[in-house]
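Worksheet for the structure shown next.
The values are calculated or read from the model by the stated rules, or taken from the named source; none is laboratory data. Here the structure is a predicted model, which is why all the values come from computation and not from measurement. Reconstructed Cβ throughout: ideal geometry from the backbone, glycine too, with neighbour counts over all protein chains shown. Note: accessible area is taken over every heavy atom of the protein model, side chains too, but ligands, DNA and RNA are not part of it. Shrake-Rupley method; radii C 1.70, N 1.55, O 1.52, S 1.80 Å.
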Amino acid sequence: MHASLTELPRNADIAGLLTRIARFFTLQGDSTYRILAYEKAAQIIRDHPTSVAQLALSGGLRTLPGVGATIEETIREYVDTGHAALLQNLRGEYPDSIVDLLDIPGLGPRKVITLWNELGIDNLDALREACLRGKVAGVTGMGPRTEEKLLAELDAIDVRSSQFLLGFAEPHAYHLAAALRNIPGVSTADTAGSIRRRCSTVQSIDLVAGSRRPNDVMNAFAAFPEVAHVRERGNTSLVGTAHTSIPLHLRVVDPSAYGNLLQYATGSENHNAALRTYALGRGLDISEHGVANKRQDSIFTTPAESCLYDHLGLPWIPPELREDRGEIEAAQGGSLPRLIERTDLRGDLHVHTDWSDGKANIEEMALAARSAGLDYICICDHTQSLAVARGLNTERLYRQREAIAEINNRIEGITILAGCELDILANGRLDLPDGVLSELDFVVASIHSALSQPRKQIMKRLKAAMENPHVDAIGHPTGRLLLRRTAYDVDVECILELAAQTGTALEINSSFERLDIPGNIAQEAVVRGVSLVINSDAHNPEGFGLLRFGIGEARRGWVEPSSVLNTRPWPEMVQILRDPKGGFSRPR
DNA sequence: GCCGTTTTCGGCCCGACTGTTTTCAGTCG
């Protein structure tokens, strides 16, 4: 029995269980629809903002889309006992490690089973050994080329991290798309895939181009200095790798069907599948080549993606929403959100300078913010306990305020506010006294130390910060560092509740290593009437460009401008802040 | 296994590419 809350499995654990079940079903050659059902449920649970285990205990699992009676039963058993009989039975004679083989590109269930049956291979090392001895080439359906490719993949598996930060991949992708557009005969080209959907981490750069001469385009692309090598090359598509080791996918179609391809290549897979199902119900068959109307024996192609959605009787759906999380239904019902845009932001409430660990002075940051189209910024440097960042004590904070006032008098077109990024100490105390905090325009409180404390203590700290009347927002509330460090052990449910109760805003930190809170939690926050702030956490003048990542994350969470405090002009913000915290909560 | 403004049963996405075949199975996105 799971004795207490802290022992409950996390959503990632439950999702992992379902994924594992799906993989064993895959190996056994079970119905693809059953496999898909488990994978879909796993995805939903992985993305769910609050504890699914708690949901299981309260009997609410069936409210999750994709969770029916059978999967509910499995999850409940897992939450109650820590294991699932279904997985034990499925696993049967297979060793646990065999599903690892499915991670190798080129190895699917059939080949894995064949390798197991004919050579007894059940793990990566055994596979490498067999390849080196030339045994794999003799296996049914495999030859020397297969063996060669498998060895290359096995060698690559250690060096290649399969995920890349959006902030890393996006500039490369935009550069390549621009280079594609410069190839003669290319009508247009774009970045598609997960980068276009603004996923915080991506696995590849997906590019699409419109041209009547696809071969010329792929030849030119293959010769780009950024392209390290080409792995596959067909008539209309190319798969390769950049020198930065990120995989590249390029597809080329006739310009007349460019809109169809762009939609297809943007995905997600789940969105496309749902869209196809929707279209099939209307007698239409969607593929990247066009929309076939079987009754009329016609095919619809278009250069413009929006015309494709229009053809299906839907408004254009922003890429960030295309995850099959209700966007098609919302589009049908005319209730798509008016997603926040970068230009909706009037200010940035979390900006560093060289008073702490920033790289530029106050004036440089202010001028850069003005150039970025902002009306106000709040200087929120670190506070004294964060010694590595030269955090400010009371005296330096007061001097900084004076410096800010002087610069405010001198420069036009931007208002500079005085705040701080207040350290929430390991013992739950705050790093500066209330008297000092009360004089600041905006206070962001963040955790930077003792990250591995148990959930209870982490929550005690966050609670103390949120209950302080001078704390306006929690900075990077979960503490996750993408691809590097998981979130500290926060109780998201509890954070949302406290934020709503105390009227404390939650930050969407735009650093592409953080993107914290993530969009799914932001979406839940909005539902509960919690206000958001989207901040750059800029440490240099270029840092305001990061806001586009925070905006993307917010859009993935269906966030509208009205839910984000810094879409308001500063005078309006002052009114809200003057109302001691209560002003933040607004009726829904 | 899930799901319902076509449906509580019968659907559930499909084309490109590779390597091995010798007309296609397996994998991928």
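Would you call residue A:477 under 18 Å from the mean Cα position of the chain (by Cα) and not aliphatic (A, V, I, L, M)? Against the criterion (under 18 Å from the mean Cα position of the chain (by Cα) and not aliphatic (A, V, I, L, M)), residue A:477 qualifies. Please determine whether any residue of the range A:218-235 is over 30 Å from residue A:65 (Cβ atoms), out of contact with any His (no Cβ under 7 Å at 6 or more places or on another chain) and among the polar types (S, T, N, Q). Scanning the range A:218-235 turns up at least one residue that is over 30 Å from residue A:65 (Cβ atoms), out of contact with any His (no Cβ under 7 Å at 6 or more places or on another chain) and among the polar types (S, T, N, Q).
Counted as qualifying within the range A:338-429 are the strands (runs of 3 or more DSSP E) with 1 or more residues that are touching a helix residue (DSSP H, G or I) at 6+ places or on another chain (Cβ under 9 Å) and open to solvent by 40 Å² or more (accessible area, probe 1.4 Å), namely A:415-423.
Has the range A:295-303 got any residue that is within 11 Å of DNA strand B (Cβ to nearest atom) and over 23 Å from residue A:177 (Cβ atoms)?
Within the range A:295-303 (the criterion being within 11 Å of DNA strand B (Cβ to nearest atom) and over 23 Å from residue A:177 (Cβ atoms)), the answer is yes, since at least one residue qualifies.
Among residues of the range A:304-321 being away from DNA strand B (no atom under 14 Å from the Cβ) and outside any helix (DSSP H, G or I), the one that is most open to solvent (accessible area, probe 1.4 Å) is A:316.
Residues checked against (1) at pLDDT below 95; (2) of a type outside the set (Gly, Ala, Ser); (3) more than 24 Å from residue A:476 (Cβ to Cβ); (4) in the same structural domain as residue A:362 (by TED's automatic domain parsing):
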site	(1), (2), (3), (4)
A:387	yes, no, no, yes
A:391	yes, no, no, yes
A:407	no, yes, yes, yes
A:420	no, yes, no, yes
A:425	yes, yes, no, yes
A:429	yes, yes, no, yes
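Restrict the check to the range A:440-451 and report whether at least one residue is farther than 17 Å from residue A:576 by Cα, surrounded by fewer than 15 Cβ atoms within 10 Å (Cβ to Cβ) and free of Cβ contacts under 8 Å to residues at least 12 places away in the same chain. Checked the range A:440-451: no residue is farther than 17 Å from residue A:576 by Cα, surrounded by fewer than 15 Cβ atoms within 10 Å (Cβ to Cβ) and free of Cβ contacts under 8 Å to residues at least 12 places away in the same chain. The residue that is nearest to DNA strand B (Cβ to nearest atom), counting only those in the range A:74-96 that are open to solvent by 40 Å² or more (accessible area, probe 1.4 Å) and polar (S, T, N, Q), is A:89. Starting from residues that are near DNA strand B (Cβ under 10 Å from one of its atoms) and over 12 Å from residue A:214 (Cα atoms), keep the ones in the range A:232-257 and report whichever is modelled with the lowest pLDDT. Here the answer is A:232.
Among the residues that make up the range A:503-524, is at least one of them touching a Ser or Thr at 6+ places or on another chain (Cβ under 9 Å), over 20 Å from residue A:198 (Cα atoms) and modelled with pLDDT under 95? Yes: one or more hits.
Does any residue of the range A:191-198 turn out to be at pLDDT 95 or above, more than 10 Å from DNA strand B (Cβ to nearest atom) and in a strand (DSSP E or B)? Checked the range A:191-198: at least one residue is at pLDDT 95 or above, more than 10 Å from DNA strand B (Cβ to nearest atom) and in a strand (DSSP E or B). Evaluating residue A:71 against the criteria (1) more than 7 Å from DNA strand B (Cβ to nearest atom); (2) among the β-branched types (Val, Ile, Thr); (3) open to solvent by less than 60 Å² (accessible area, probe 1.4 Å) leaves one unmet condition, (1).
Residues in the range A:97-127 that are open to solvent by 70 Å² or more (accessible area, probe 1.4 Å) and more than 9 Å from DNA strand B (Cβ to nearest atom): A:117, A:118, A:125.
Go through the range A:75-109 and give me each residue that's at positive phi and within 31 Å of the chain's Cα centre (by Cα). Across the range A:75-109, the qualifying residues are A:82, A:106. Filtered by the rule that a residue be assigned to a helix (DSSP H, G or I), more than 8 Å from DNA strand B (Cβ to nearest atom) and not aromatic (Phe, Trp, Tyr), the range A:258-286 gives A:259, A:260, A:261, A:262, A:263, A:266, A:270, A:271, A:275, A:279. Of the helices (runs of 4 or more DSSP H) lying entirely inside the range A:26-143, those carrying at least 1 residues that are under 29 Å from residue A:8 (Cβ atoms) are A:32-47, A:52-57, A:69-81, A:85-91.
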